[in-house]
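Student: Quick one: structure below, then a few questions.
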Amino acid sequence: MTVHTESNINLLEFERAGLERLFAGHGERSYRAAQVMKWIYQRGVDNFDEMTNLSKDLRATLKERTNIKLPIIVSDRLSNDGSRKWLLQLADGNCIETVFIPEEGRGTLCISSQVGCSLNCRFCSTGWQGFNRNLTSGEIVGQLVLINQILKESSGSARVISNVVMMGMGEPLLNFDNVVRAMRVMLDDCAYGLSKRRITLSTAGMVPAMDRLRKECDVSLAVSLHAPTDQLRTQLVPLNRKYPISELLAACRRYVAGDTRRRVTFEYLMLKDVNDTNAHARQLIKLVRDLPAKVNLIPFNPFPKAGFQRSEPERINTFWGMLMDAGIITITRKTRGEDIHAACGQLAGKFHDRTRRSQMDPAEFSVRVVG
Ligand code: SAH
């Protein structure tokens, strides 16, 4: 049995309320939580001795009983287009990937929420690798703390990361509590003070958790739609069997209800001859036309096992034009970081797959899911 002594407590695991309780338990005033958060998240200090507005006694107690543990960098790769990908090792040896995407006027960090993923989407490299475990909230927010420190040092500017997308490895809504706790830290004015608009959570369509998210932490929502009919979507995203398109779209409507400025982003992969014809575009238009939504077309990023091809640029362009003509705000996502395998759906950590999916033959897979 592992005995969890207090020296194991990683302060990154706590949102403000939890940290306040922790301090109260030690007879400290609750504002200590805000002070410590500012040191960690705003000043990037992980050495308690440097937290000079805390009493010496408190610093000693923190040093003895807690820690600020960040993941370790295993590799760091820079793409020709400026995006950058890190392979990060967690305390138990599992590895995850995190990607930074700089753009004109903003910098987006793409964060992982699980080691692997259990959803088995056919077109996703993480899915093919299987699943190991959920990340803790400290491991989720730790990606932001670590990369923020690195980018600050290399650029000299305080605010390099302006946006966060929960679009790395894993299904964030299957790790609900930890993801929400981590996002609350990102939103906290004593930490990064990001606005809810600047955090986007992407889900494959966990309907009940979408309703819960709206109540508990209503950040921007992206939904991996990828197909306009249940028959096709179930083949691509097996979760569709449980939560079919009609239920998913109803949940999207509820998510943005009551705020006319809000929109759901539908992610739609462009897979050659699979979901990219004019007929598919017409079906998609019918589905989303009446929703407060926008559509992101994502050119498929191939990997060896996938068995799909990317749609031709002209096809994507025609598809885009049809949606735009129907009055749907549509953006074709630029593919970034392809040369370093950092593009959407290419994230591949290093971990032991508990589901054994990674050993599966693509042929065997298609019988199981498509058949
Ligand atoms: N599980 C969440 C978030 C992870 S992936 C979700 O499903 O939304 C983030 C986005 O990348 C999703 O829209 C996902 O469908 C997409 N994606 C996965 N594999 C891809 C690939 N090979 N090429 C392009 N996009 C991919």
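Student: With a cut-off of at most 15 other beta carbons within 10 Å, and DSSP calling the residue loop, which trypsin sites (Lys or Arg not before Pro) in the range 15-56 qualify? Please list them.
Tutor: Arg29, Arg43
Student: Right, another one. Rounded if a/c is under 1.5, else prolate if a/b beats b/c, else oblate: with a ≥ b ≥ c from the C-alpha gyration tensor eigenvalues square-rooted, which is the range 78-166?
Tutor: Taking the square roots of the gyration eigenvalues as a ≥ b ≥ c, the range 78-166 is prolate.
Student: Another one. Any idea what the relative contact order of the chain is, in percent, if you count C-alpha pairs under 8 Å spaced at least 6 apart?
Tutor: Relative contact order comes out at 17 percent.
Student: If you don't mind, there's one more thing I want to ask. Size of the range 219-318 along its principal axes in angstrom, Cα-based, largest extent first?
Tutor: Reported extents, whole Å, longest axis first: 43, 30, 26.
Student: Quick test of your reading: applying the under-4.7 Å Cβ rule, which cysteines of the chain are isolated?
Tutor: Within the chain, the cysteines lacking a partner Cβ under 4.7 Å are Cys95, Cys110, Cys117, Cys190, Cys217, Cys252, Cys344.
Student: So which helices of the chain fit the span-like rule, where a helix is a whole DSSP H run, its Cα atoms reach 24 Å or more along the axis, and its mean Kyte-Doolittle is at least 0.0?
Tutor: 137-155
Student: Something else: If you place +1 on the Cβ of every Lys and Arg and -1 on the Cβ of every Asp and Glu, how big does the dipole about the Cα centre of the chain come out, in debye to the nearest 20?
Tutor: Roughly 640 debye for the chain.
Student: Under unit Cβ charges (Lys, Arg +1; Asp, Glu -1), what dipole magnitude, rounded to 20 debye, does the range 1-155 have relative to its Cα centre?
Tutor: 160 debye
Student: Can you find, among Trp39, Phe14, Ser55, the residue farthest towards the positive end of the dipole of the range 1-76? Put +1 on the C-beta of Lys and Arg, -1 on that of Asp and Glu.
Tutor: Of Trp39, Phe14, Ser55, it is Ser55.
Student: Go from 0 up to the bin containing the longest alpha carbon distance in the range 268-337, width 10 Å each, and give me the % of pairs per bin.
Tutor: Calculated P(r), rounded to whole percents: 21, 54, 22, 3.
Student: Taking a cut-off of 40 Å, what percent of all Cα-Cα pairs in the chain are separated by more than that?
Tutor: 16 percent
Student: Okay, moving on. Using a/c under 1.5 as the rounded threshold, could you call the range 1-158 rounded, prolate or oblate? The axes a ≥ b ≥ c are square roots of the C-alpha gyration tensor eigenvalues, and prolate needs a/b larger than b/c, oblate otherwise.
Tutor: Note, shape of the range 1-158 comes out oblate.
Student: Per residue, how large is the accessible surface of the range 180-224? Use a 1.4 angstrom probe and give square angstrom.
Tutor: 35 Å²
Student: To continue, here is another question. Return the lysines within reach of Lys63: Cα separation strictly under 18 angstrom, same-chain partners fewer than 8 residues apart disregarded; answer none if there are no such residues.
Tutor: Cross-link targets: Lys38.
Student: Using the structure shown, select from Lys242/Lys305; Lys69/Lys350; Lys152/Lys215 the pairs with a Cα to Cα distance greater than 22 angstrom.
Tutor: Cα-Cα > 22 Å for Lys242/Lys305; Lys152/Lys215; rest within.
Student: Further, regarding this structure: Starting from the Cα gyration tensor of the range 222-274, take the square roots of the eigenvalues, sort them a ≥ b ≥ c, and report rounded, prolate or oblate (rounded when a/c is under 1.5, otherwise prolate if a/b is larger than b/c, else oblate).
Tutor: Since a/c reaches 1.5 but b/c is at least a/b, the shape of the range 222-274 is classed as oblate.
Student: Report the antiparallel proportion of the DSSP beta bridges in the chain as a percent, rounded to a multiple of 5.
Tutor: 45 percent
Student: Here's something else I'd like to know. Please work out the Cα center distance from the range 130-179 to the range 30-97, rounded to the nearest Å.
Tutor: About 12 Å separates the Cα centre of the range 130-179 from the one of the range 30-97.
The values are calculated or read from the model by the stated rules, or taken from the named source; none is laboratory data. Since we're looking at a predicted model, the values are computed, not measured. Note that each Cβ is placed from the backbone with ideal geometry, even for glycine, and that neighbours are counted across all protein chains shown. Accessible surface areas use protein heavy atoms only, side chains included; no ligands, DNA or RNA. Shrake-Rupley method; radii C 1.70, N 1.55, O 1.52, S 1.80 Å.
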